[in-house]
Amino acid sequence: MHYLDHAAATPMRPEVWEAMRPYALEVFGNASGSHAVSRQAKNALEEARERTAAVLGAEPAEIVFTSGGTESDNLAVQGAVLAADDGGLVTTGIEHEAVLETAAFLESLGRDVVVVDPAADGVIRPEAVADAVSANTALVSIMLANNETGVIQPVSEVSALLRSRGVSVPIHTDAVQAFASERIDVRRLGVDLLSLSGHKIGGPKGVGLLWIRRGLRLEPVIHGGGQEMGRRAGTSNVMGAIGMSVAMELADGDRTRFRRRVAEERDSFETTLRGAAPSVEVTGRGLLRLASHSHVRVPGLDQQTALIRLDRAAVAASAGSACSSGAATTSHVLLAMGMGVSEARTALRFSFGWTTKVGEGAQAARLVSEAIRSR
Ligand code: PLP
């Protein structure tokens, strides 16, 4: 099987599982208790917090562990907007559903939401974001890299432009897809909130984090006990937090090699595929994009049929983002880039990762070119 869907889920790195194991079997205490068994769990949780903070250039108290990227995005977007009396949101048309559906929810509550679309190349223009911000904007949310196209967004430029205009509105970035390939230092990026997810970076599913700049006020989304300094209720997922911290350290330490390796395979995949099928168009070619992603459009292709053929040929890919219902939908990202429905439905996403083998890009491309030729 050629697993080319690392953007949907990555296999867990064995070191992550080894680090998590004792916290499933031996250190089982509730981190909120007061006895020795709980203290062990609490110490592990705080160590995980320190380790994740160190990777991001953050302070441990700025890290809130969540159940994943979706919850982190919800906490950031709802939390910041609802903390402002009557504030609104400025976001983009290419965000993940975790942001866009939260935006729709806020709109249903009567909050003002402005959605900025990218240019045809898939890149959001900083001026368009800055122009959409008004006196009542409580948050700007713009992702660091798009999950479908892999195109990197000018987040620090948006931040710099807003600050140069004297606007101090908080900025959230969804860095869920970017972290494996891109080094992230939260202070350099110029944002106030940043979302990450474990299962996109060789860690476990069901855990993520939100970095919240010190002093920023957020309305909690989950109410209950006072865990995570009152910002996220619920018994702490100690095992998940440990897994998250180890996955982040491994990805951070291995990033230069990882980038080189996945870029080599991705590039040979695209060269081989375009050699065999010259009509294939690579989205974002020549732009800043993640080393791990290849998003292609094949004129006349029906993406659902192609995915079935690819599955039979033992190539795991996707049409864009993994849709929870399994239903075929047209990519909102490609529509926001100005493509028509029929063109958007010719797209396929291939994403490479830490288990991708040398030579796999070209091998997979040959299988893909056969699958798309026999349509
Ligand atoms: N944000 C982006 C950009 C994603 O790609 C994903 C997952 O596909 C998420 C958020 C959601 O993360 P999770 O699956 O951890 O809820």
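What is the calculated FRET efficiency for residue 18 to residue 135, with r their C-beta to C-beta distance and R₀ = 41 Å, to the nearest 0.05?
Working: r = 52 Å, r/R0 = 1.27.
Given R0 = 41 Å and the Cβ-Cβ separation, E is 0.20.
Output the direction-averaged projected area (hull surface divided by four) of the convex hull of the alpha-carbon atoms of the stretch 1-84, in nm².
8.3
Distance between the C-alpha centers of the stretch 4-30 and the stretch 262-318? Whole Å please.
Going from one Cα centre to the other spans 30 Å.
One-quarter of the Cα convex hull surface for the chain, in nm²?
Convex hull of Cα atoms, orientation-averaged projection: 18.3 nm².
Relative contact order of the stretch 1-79: what whole-number percent is it, with Cα pairs under 8 angstrom and at least 6 residues apart? Write down the numbers at each step before the final one.
Values: 39 pairs, mean separation 10.0, N = 79.
Dividing the mean separation by the residue count of the stretch 1-79 yields 13 percent.
Roughly to the nearest percent, how much of the accessible area of the stretch 226-348 is carbon and sulfur, given a 1.4 Å probe?
51
How long is the gain from residue 355 to residue 214 if the chain were fully straight, where each residue apart is worth 0.36 nm and the alpha carbon distance is subtracted?
Going from the current span to full extension adds 47.1 nm.
Just to be sure I understand: if I project the alpha-carbon convex hull of the stretch 252-375 onto a plane and average over all orientations, what area do I get in nm²? Walk me through the numbers on the way to the answer.
Details: hull surface 32.2 nm².
Averaged projected hull area, Cα only: 8.0 nm².
For a paramagnetic label modelled at 7 Å from the Cα of residue 279 toward its Cβ, which residues of the stretch 289-305 fall within the zone defined by backbone nitrogen distances under 14 Å?
297-303
Per q in 0.09, 0.17, 0.18 1/Å, what log10 I(q)/I(0) does a Debye calculation on the alpha-carbon atoms of the stretch 110-250 return?
Calculated log10 I(q)/I(0) at the listed q: -0.31, -1.06, -1.15.
Short version: ³J(HN,Hα) in whole Hz for each residue of the stretch 75-86, in order, from phi by Karplus 6.51 cos²θ - 1.76 cosθ + 1.60 (θ = phi - 60°), x for Gly and Pro, what are they?
Each residue's phi maps through the Karplus curve to give 5, 5, 6, 5, x, 6, 6, 6, 6, 9, 2, 10 Hz.
Test of understanding: extend the Cα→C-beta vector of residue 362 to 7 Å, then name every residue of the stretch 269-311 with backbone N under 15 Å from that spot.
269-276
Which residues does a label at residue 46 reach in the stretch 63-97, if reach means a backbone N under 17 Å from a point 7 Å past the Cα toward the Cβ?
Counting only backbone N, you get 63-65.
Hey, what's the per residue convex hull volume over the C-alpha atoms of the stretch 221-312, in cubic angstrom?
Per residue, the Cα convex hull of the stretch 221-312 comes to 210 Å³.
Please list the non-local residues whose amide H lies under 5 Å from the amide H of residue 137, H modeled 1.01 Å from N, same-chain partners needing a gap of 5 or more.
So residue 137 has HN proximity to 88.
Heavy-atom accessible area per residue, the chain, 1.4 Å probe: how many Å²? Provide the component values of the computation, followed by the final result.
On the way: 15200 Å² over 375 residues.
That works out to 41 Å² for each residue.
So between residue 256 and residue 222, what do we pick up on full extension, going 0.36 nm a residue minus the alpha carbon distance?
Extending this stretch completely gives an extra 8.5 nm.
Divide by every residue of the chain the summed helix terms, -39500 (n - 2.57) for each DSSP H run of at least 4, and state the resulting mean residue ellipticity at 222 nm, rounded to the nearest 500 deg cm²/dmol.
Mean residue ellipticity, 222 nm, calculated: -12500 deg cm²/dmol.
First measure r as the distance between the Cβ atoms of residue 101 and residue 160, then evaluate 1/(1 + (r/R0)^6) with R0 = 35 Å and state the FRET efficiency to the nearest 0.05. Before the final figure, lay out each step's value.
Numbers: r = 29 Å, r/R0 = 0.83.
My answer for the efficiency is 0.75.
The values are calculated or read from the model by the stated rules, or taken from the named source; none is laboratory data. Please read these numbers as outputs of a predicted model, since none were measured by experiment. Every residue, glycine among them, receives a Cβ derived from its backbone with ideal geometry; neighbour counts consider all protein chains shown. What goes into the accessible areas is simple: the full protein's heavy atoms, side chains included, and nothing from ligands, DNA or RNA. Shrake-Rupley method; radii C 1.70, N 1.55, O 1.52, S 1.80 Å.
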